[in-house]
Each structure stands twice: as C-alpha cells, then as structure tokens.
1. Just wondering, is there one or more residues in the range 636-654 that are touching an Asp or Glu at 6+ places or on another chain (Cβ under 9 Å), surrounded by 15 or more Cβ atoms within 10 Å (Cβ to Cβ) and without any contact (Cβ under 8 Å) to a residue 12 or more places away in the chain?
2. Taking only the range 670-700 into account, find how many residues are closer than 15 Å to Glu622 by Cα and in a strand (DSSP E or B).
3. Output the residues belonging to the range 66-79 that are modelled with pLDDT of 90 or more and not aliphatic (A, V, I, L, M).
4. Has the range 164-185 got at least one residue that is over 25 Å from the mean Cα position of the chain (by Cα), assigned to a loop (DSSP other than H, G, I, E, B), in the same structural domain as Arg100 (by TED's automatic domain parsing) and not basic (Lys, Arg)?
5. Can you find a residue that is over 19 Å from Arg97 (Cβ atoms) and of a type in the set (D, E, K, R) anywhere in the range 493-500?
6. Look at Met379 and say whether it is part of a strand (DSSP E or B) and surrounded by fewer than 17 Cβ atoms within 10 Å (Cβ to Cβ).
7. Could you please find all residues in the range 152-162 being within 25 Å of the chain's Cα centre (by Cα) and part of a strand (DSSP E or B)?
8. When the residues of the range 70-102 are narrowed to those that are of a type in the set (D, E, K, R), out of contact with any Asp or Glu (no Cβ under 8 Å at 6 or more places or on another chain) and not in a helix (DSSP H, G or I), which ends up farthest from Ala514 (Cα to Cα)?
Amino acid sequence: MFDKKTVSIEWGGKTLTLETGQIARQADGAVLATYGETVVLCAVTAAKSVREGQDFFPLTVHYQEKFSAAGRIPGGFFKREGRATEKETLTSRLIDRPCRPLFPEGFYNEINVIAQVMSYDGETEPDIVAMIAASAALTISGVPFMGPIGAARVGFSTDGEYVLNPSISDALGDDGRLDLVVAATNDAVMMVESEAKELTEEEMLGAIMFAHEESRKVIGAIVELAEQAAKEPWEIDTSDDTAEIKEKLRGLVGDDIAAAYKLTDKSERSDALNAVRAKAKDAYAEEDGQTQMTAGKAVKKLESEIVRGAILKDGQRIDGRKTDEVRPIEAMVGLLPRTHGSALFTRGETQAICTVTLGTKDAEQMIDGLEGLSYSNFMLHYNFPPYSVGEVGRFGFTSRRETGHGKLAWRALHPVLPSVEDFPYTIRVLSDITESNGSSSMATVCGGCLSMMDAGVPIEYPVSGIAMGLILEGDEFTVLSDILGDEDHLGDMDFKVAGSERGITSLQMDIKVAGITKEIMETAMEQAKGGRAHILGEMTKALGNARTEVSQHAPRIETMQIDKSKIRDIIGTGGKVIREIVAETGAKVDIDDEGTIKISSSDGSQIEAARKWIEGIVEEAEVGKIYEGKVVNIVDFGAFVNFMGGKDGLVHVSEMKNERVEKPGDVVSEGQEVKVKVLEIDQRGKVRLSMRVVDQETGEELEDTRPPRENKPRGGGDRRPRGGGRDGGGRGRGPRGGGDKGGSGDGNGGGDSHVPDFLKD
C-alpha cells in the first residue's frame, strides 16, 4: 500500500533515518526524520501558480513542538499547543534563513514548510532534526530548490575538542564553551548561529569548518533519498525579463541613482531615491501592469549594480567611509532617573535606548517546553517601532524579526553575566530602537551592556558588537564594517559578531548568495575584531567599569545559607513562620531546597530585620548571652518572651526585678521589647530567662546583688511553705494544696503542677 523509501546513516554516534512515502502523501514533499529517539515530520506544499501582481517570494516556515512528543500535557488553562513560543519562532527562522537564498530569483510561488516534533528523547535537540527534515522535504518536492542543505550543532569542550550535536545543556555547561548551529550546502556555508564563552576567532572558524564537514554527510543521505523518491522538477522560466528595460532605465535614471547614493543623510537619500523611482514609474505609466512591475524590479537591480560597482571598483561606500571604518559613536549612561540602569547608544543613524530592571527570584521567566518547566533569570526584549525608520506601520505586537534580534543580543551578553551566587538578581534588559540605519541588534548589544553596568551588574569584561557586510562578484569580494541598511539590503551577507576583549560571545551569519568560503569568513572575522575593539573603546568613555552599587530604586538582595534541616523551621506549619517574617519585616524572603535564602527589599533595615529573625530561628541560644526579645504572653508566674526570632523562654516572676513582684503585669505588658539573659536550657530545650540582671536601657549585664537562696527541704524545717495559708496549703483545696507537703499553689489548688520543672525549688 505504501511506497516507503528509507535512508539511514550513522552520524555523531546515533542513527539518522530519513523516511518518505508513508506519511503526509498529499503534500508535495514529506519526510519523517529520526535521530536517536527524536522524530520530526516536515511537510512541504507549494502553490502551482503565482498571484497576480506578486513581486516577492512568499516562503513561510512553521516549526511546532508537540507536548505529547515528550509525554507532557501543556500547562496553563488551555491544554493544547497555542501561539508559537520563542523557541518555536527562533527555530522557524533557523530553517528559513539558509533555505530562502536557494530559490531562483523571480520565483514567486507561495511555499509552506511545516515541521512538527512528534517525539523527543530529552537528549537530541529537535531543531537540527527539523532543519534536516525540511531540507529533505524541499529536495524531493520538485520545487526549484537549489539544495539540499545539511545542518549540524557543534560544541567546544574545555579541553579544546569539537563535539558534534551535544545537548544545549552540555554545549554551554560546566565543560562546554560553545553552542553553534551551522547550515551549509555541499560547497559553502549558508547560515551560522551561536553563543560562545569568549572563543578566539581561530576557535570559532574551526568550529564552523567542523560543522560544514559533518553537514556534508547529511547532504549525502538526502541526495540518496532524492534519487529514490524525488518528484519531477518544476519547469520554470529563468529568463531575465528585466535586462532590456534595465538598460533603457540606465540612460533615463542611472545618473540620478548614482547621485542619490552619494547623499550621506539617510532621509535625504531616501527622498532622492523615491523621486528616481517615481520618474521611472512615470516612464511606463501607459504600459500594462506586468510591464510596470518589471520596470520596478529593473530599477532595484540598477540600484544594486551601481552601489556594488562603486564599492568593488573604487572602495566608495554610500556614506563615504572606508571599508573598515565605523560610523561615529556616542554613548551615555544614566539617561533615565528612575530606571535601575539605562544607556543611550548611538552609532551613525542607528540608536537604541536600553534600560535594565533588577528583580527578585519570583520575577524569573517560567518556560514551559518539551524539556519541562524551566526558569530564566535573564531576559532581553527588543522593540522596533515603525518611527525608527521614519515609517508608519503596525505597532504593539512582537514580530519574528524582533524575537530573533532580541535573542541574538541575549546570546551575546549572556556568557559574561555573573553567576546567581555572585549576583542573585533577575535581570531584564529592554531595548527600544529609536533610530535605525543598519544593525540595531548590535546597538542593542552595546547599549544593553552599558545599561547593565550602569545598574551595577558586575560585568567584568564589557561586550560590543558589529555587523559586517559583503559585496561578492565572482572571485572578487569586499568586506564592509558597520554596514548601513542600504548596504545590507544591496549586499550579499549580514555577518554579526559580538564579544569582549577576550573573545567572541556570539556570531550570526546570513547570506543571499549560494554560500561563502572560508577565506571570506576569515577576512570578515579579523576585520570585525578591529571594529569591536574600536567600539569598546568608545563605550569605555561613557562607563569603563560596572558600578559597585545597584540603584537606590532597585531591591537589595542579601543571600544567606542555612542547614537544610532547618528549612522546615523557617517555613513553619503551612508556611506560617515565613509569612509572619514577611508581614512583620516587609522584606521578601525566598528559600530553595538547598537552604539558600534570599532576602530582598529596597529598605536595608527590613532586610536586616528579616535576617536577624531567620538567624534567631536557626541559631541555638547560648547560656549566659543577652538577647533582645518581645513579651508574647503574661501568666501568673511570669512572662513568656520571644527572642532570636523563633524561640520562646520564660522570665519567672522572681527574675523580673531584684525586689519582690506581686503581679508580672505590673512590670511588663504584651508586645513590650525587653532585654533578657539566658540562665538555663534544659534537656527538653526549654529556656529560662532573666530580666533583672540586664540593664533594660543599655542591654549591659548587671551584677547580681540579690543574695542566693538557701536550699532547704521543701515544706519542712523552719522554712515557711511557699504556698502560705493554713497548714501550708496556699489557696489550694484538698490534699494537693496543703498539709505538710507544701506547694507553690497556682490559685487553683494545684500545688506546682503548672510550673516548668526547672523553676521548681
């Protein structure tokens, strides 16, 4: 019934299997990719015709993680997969970026790529499997895809070894320094995405080349599957229908385009180019709609040729800079008075306002994914409002581009953050792009780093970022530092590098051609290193080192460690004790399973009060030591005092003053603050306290001037029984109150039955 085709290879210690012909047979191409026990189904469908007036390539990629793949039910109110998570959005972009350049120019049929994680083994990351499945599905679908591509994840161990397809936790764990994803054709690298713990350029380039070599093995498997199952390729018209019109327009508007691109101001240049395009449109106003659309495409090609030619032949960039020159930079910190940290970073016509908010542990981001619930104490959110490019547009939702740019900046800054033990805050960086003309994501890296340093985040080595461009014609190429938006649009590569003076923390590469060589990447990395150093120097002028104190508006967090056996004492039955600490002191208290306690408040006195309370609970009282306490209960024979936060002791009426006290209520009242000395702790932990030997004003110990009592037999000899009254019975009734036994009657005829053992004479 099924014409199933299967190819398997051993790759990185696991079996990679590609299957087609059994599932999703009505799609143009469908592949079930299995690696370890992680399984991804990818289906490709393509429209057979182009919509009228279509002048762009509508490729849409959707990556979705099914919670059932990991044997989990989604959390929250709606128990089904909903809108795309950040990881799903980023993986969709990861698939889209290397595939898009491999479709022929002028191909405008709509293509839909849907990759779904069907099984997840907890070790094999599904994003690489999804990229491979998408490449295979496109290759066998018959659409004009100039692939296939392979993909690989690479780690770099602390002993200098490259590791193929590690889990993300292993890649950047204690023994890992790199999480790198590479997509490539058989001949060249197409896409790079990475986070690194300050690797050198040589180490990073070596990782990319290692990934490319491993990707070739996957490409071989996809080609083998295509030989068995590929559909007939589509016949498409690849003729250049713009050549004749382009030459006509060259004479009409060529000089105007060249003059417009010599204007260094973006707004002026944009106005001039709009005038050129309007002039070209008017020249074909009498033609049919298809011809007008072709003329519009011809103008864009003409612009590209003029700009690229000037750069390659004369080294002349749009704004007059040299190829390795960075635009003027201005940086400042402390821009906003009430934020915990802020910075304004301006590079040419690109500008970002970055702010930092410091929070406590309960502000961490909860992530519900295939791996289960996890928490992140570092967030970076990037916003790109339409006014930043002088346009009107939709505002208020997060686009895929904003998610991707924010994650790139997150990866660049994450490796240099202090540990939670050294800086126990949740950190949120917010980047609002207020102007944009090239590489706002790298402006976010620079501004985000400065704003965190302004907030007092102890970053030892600041991070800067730069975007590199490429103009490639045949074997001739030029690498551009700090590219403009137009250079990005008209160039062949967007190559972004971020790092500290010690090495690279993030590298991202996207290209618009069929791949770039090792030589080009090597040149770009070396040129970027010089650019990063220059930008770091300019950042240092604003703030050279992180501030030693957090903002006065930020919560203070103090960390203390207790024995795990004391955790239940801090929490109390049903959380009673910890709630009381929070309510009484005003500080926020968090405690984990390892006994680490974080106390936070913007008021230092509240933190100190909570700390002392907790210390009182976990510490043991010492005989002979003086403590401050509070009267919590008054009884006939004395008063109970709470001290050290969580301990109670009895001040017997005889220990309140050196003279006789008839009623404890005459000396103390409930809620009164008193100073007490520990006299005795019995075997059961009951504490006997004294007020009379402590100066209640200063807390100093006083000399005990009261003569000691004589120890005589209870109720006998010449000593009058403490109970008094007739026959020594006090106010007691019956045998318990009196007789020769004597007692310390409690007013109910009870002898001394209500007095703690250690108070009995």
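The values are calculated or read from the model by the stated rules, or taken from the named source; none is laboratory data. Since this is a predicted model, take the numbers as computed values, not measurements. Cβ placement follows ideal geometry from the backbone for every residue including glycine, while neighbour counts extend to all protein chains displayed.
1. yes
2. Number of matching residues: 11.
3. Going residue by residue through the range 66-79, those that are modelled with pLDDT of 90 or more are 66-73.
Passing the criteria: Lys66, Phe67, Ser68, Gly71, Arg72.
4. Yes - at least one qualifying residue is present in the range 164-185.
5. Pass one, the range 493-500, residues over 19 Å from Arg97 (Cβ atoms): 499-500.
Checking the rest, the ones that are also of a type in the set (D, E, K, R) come to none.
The answer is no; no qualifying residue exists.
6. It is false that Met379 is part of a strand (DSSP E or B) and surrounded by fewer than 17 Cβ atoms within 10 Å (Cβ to Cβ).
7. Kept after step one, since they are within 25 Å of the chain's Cα centre (by Cα), are these residues of the range 152-162: 152-158.
Residues satisfying the conditions are Ala152, Arg153, Val154, Gly155, Phe156, Ser157.
8. It comes out as Lys79.
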